[in-house]
1. Looking only at segment 249-300, count every residue that is in contact with a Gly (Cβ under 8 Å, 6 or more places away or on another chain), open to solvent by 30 Å² or more (accessible area, probe 1.4 Å) and at positive phi and tell me the total.
2. Is it true that Ser348 is assigned by TED's automatic domain parsing to the domain that holds Phe182, under 17 Å from the mean Cα position of the chain (by Cα), among the hydroxyl-bearing types (Ser, Thr, Tyr) and within 24 Å of Ala47 (Cβ to Cβ)?
3. Considering each residue of segment 273-302, count those that are more than 14 Å from Ile425 (Cα to Cα) and either within 15 Å of ligand 1 (Cβ to nearest atom) or of a type in the set (Gly, Ala, Ser) (or both), and give that number.
4. Identify, please: which residue in segment 157-190 is of a type outside the set (A, V, I, L, M, F, W, C) and within 26 Å of Asp246 (Cα to Cα) and is, among those, surrounded by the fewest Cβ atoms within 10 Å (Cβ to Cβ)?
5. Within the bounds of segment 343-355, is there any residue that is in a loop (DSSP other than H, G, I, E, B) and of a type in the set (A, V, I, L, M)?
6. Could we say that Gly389 is of a type in the set (Gly, Ala, Ser), open to solvent by less than 10 Å² (accessible area, probe 1.4 Å) and within 12 Å of ligand 1 (Cβ to nearest atom) here?
7. Quick one: in segment 158-167, which of the residues that are within 13 Å of ligand 1 (Cβ to nearest atom) and not in a strand (DSSP E or B) is nearest to Val388 (Cα to Cα)?
8. Looking for whichever is in contact (Cβ under 8 Å) with a residue 12 or more places away in the chain, within 27 Å of Ala232 (Cβ to Cβ) and surrounded by 18 or more Cβ atoms within 10 Å (Cβ to Cβ) here; the options are Phe373, Phe416. Which one fits?
Amino acid sequence: MNIKKIDAFQIYDSRGFPTVEVEVTLDNGVTGYGLVPSGASTGQFEALELRDGDKNRFRGKSVFKAIDNIRKEIAPSLIGFPVTDMKSIDMKLIELDGTNNKSRLGANATLGVSMACARAAANFRGVSLFEYLGKGQGHLLPLNEIQILGGGAHANWAIDIQDFLIIAVGAKSYQETLEMTFNIYHAAGEIMRSRGKSVGLADEGGWWPDFSSNEEPFEVLLEAIRMAGYEAGKDIAISLDIAASDLFDGRVYHLKKDGVSYTPKEFCELMISWCNKYPIISIEDPFADTDYESWRAFTEQVGGRVQVIGDDLFTTNIDRIKNGIENRLANAVLIKLNQIGTVSETISAIEMTQSAGWLPVVSARSGETEDAFIAHLAVATNAGQLKVGSFSRSERMVKWNEVLRIERILGNRANFIGGELYRRILTD
Ligand code: PGA
Ligand code: ZN
């Protein structure tokens, strides 16, 4: 079944910023769409998101050039292609772009087309997207990593740390992870209200971080876990995304809220001390994407008991992940489709991560859409973990809810191993 038509449109993401929607139509009239997300605390090694930069329109953020590239360059080259040949379609996109970071056509252009083709192919086959992407081998429902308190670039730097999240390591089912999250998210809201700190939500739906220090959120989080009737460390573990590339000036790390700067060695000690003091099971981007020495030292010391995730460090890029594996920089990889710009490359990044015995975490961006593609990707690849921001706002909930639907479709083929997953990497 061949591609008959590819069209693209400007739509708007969860921050109200322009983004790309692609629609692919096949010879038999079957269609597929893809909606492209967008980050705020982006890594310097990510594929390029093409924006028009016209200060007089959409504050420079419109994506009409990317849409033009889809209509004028990509569509003519892909019309007539068999839609189920995902690898060849994505190879063609890479070849057409011709750069090593999708900077000519834009990763938002290539990804939109890649996602829409995958979905059209699944629709043509009459199967769910996860069945198509996983060739019928995907059955593992993910353990969720869910933000309770936002921060950093997603909350106007009210505090420096970007994400305070929870992982329901004691949950016996996917549904239970959501129930436990519900209880804690709302307990945290109640605590924030009772302290006069309920002043809204951050970009990914977590409570706005109206705190006087970077450590105060731990106290609220631990109290919320208690209030909801759970034991921290046993039922619920804490997870952090430091997004430390944003804190590093090439020499020192700044925690502005606390008025303290740290050398890389001191910052590494601080991160280790937090891991010792709080029930932290997972920590993402504790160091900048160029501070390899700290990554390696930290992983050597705590990697046996804490999941160490590279996000900006790896940018879903196979070469960077390979280097990380060889140099033992982490033990897990955050996976974001638009960091690399095609579905096939994203799946290859997941496979490389898994083949090294590391854990992938399929992730949304801070600027999201109503597309639940990543829920399917997580199950298709048996990634085991999904990170989508908080437990509010429909661009987040659409992903959590989609996994519930996938669970129903899988029926007794569905598998959930919860916190057991970490046995694969945590040996201490
Ligand atoms: P971003 O944040 O989408 O703004 O990059 C998400 C993350 O850092 O994981
Ligand atoms: Zn991150």
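The values are calculated or read from the model by the stated rules, or taken from the named source; none is laboratory data. Because the structure is a prediction, the values reported are computed rather than measured. Neighbour counts run over all protein chains shown; Cβ positions are idealised from the backbone, glycine included. All accessible areas refer to the heavy atoms of the entire protein, side chains included, with ligands and DNA or RNA removed. Shrake-Rupley method; radii C 1.70, N 1.55, O 1.52, S 1.80 Å.
1. 0
2. Considered against the rule, which asks whether it is assigned by TED's automatic domain parsing to the domain that holds Phe182, under 17 Å from the mean Cα position of the chain (by Cα), among the hydroxyl-bearing types (Ser, Thr, Tyr) and within 24 Å of Ala47 (Cβ to Cβ), Ser348 comes out as yes.
3. Total satisfying the criteria: 9.
4. Once the filter is applied, the top-ranked residue is Asp160.
5. So far as segment 343-355 goes, no, none of its residues is in a loop (DSSP other than H, G, I, E, B) and of a type in the set (A, V, I, L, M).
6. yes
7. Applying the filter and picking the extreme gives Gln162.
8. Phe416
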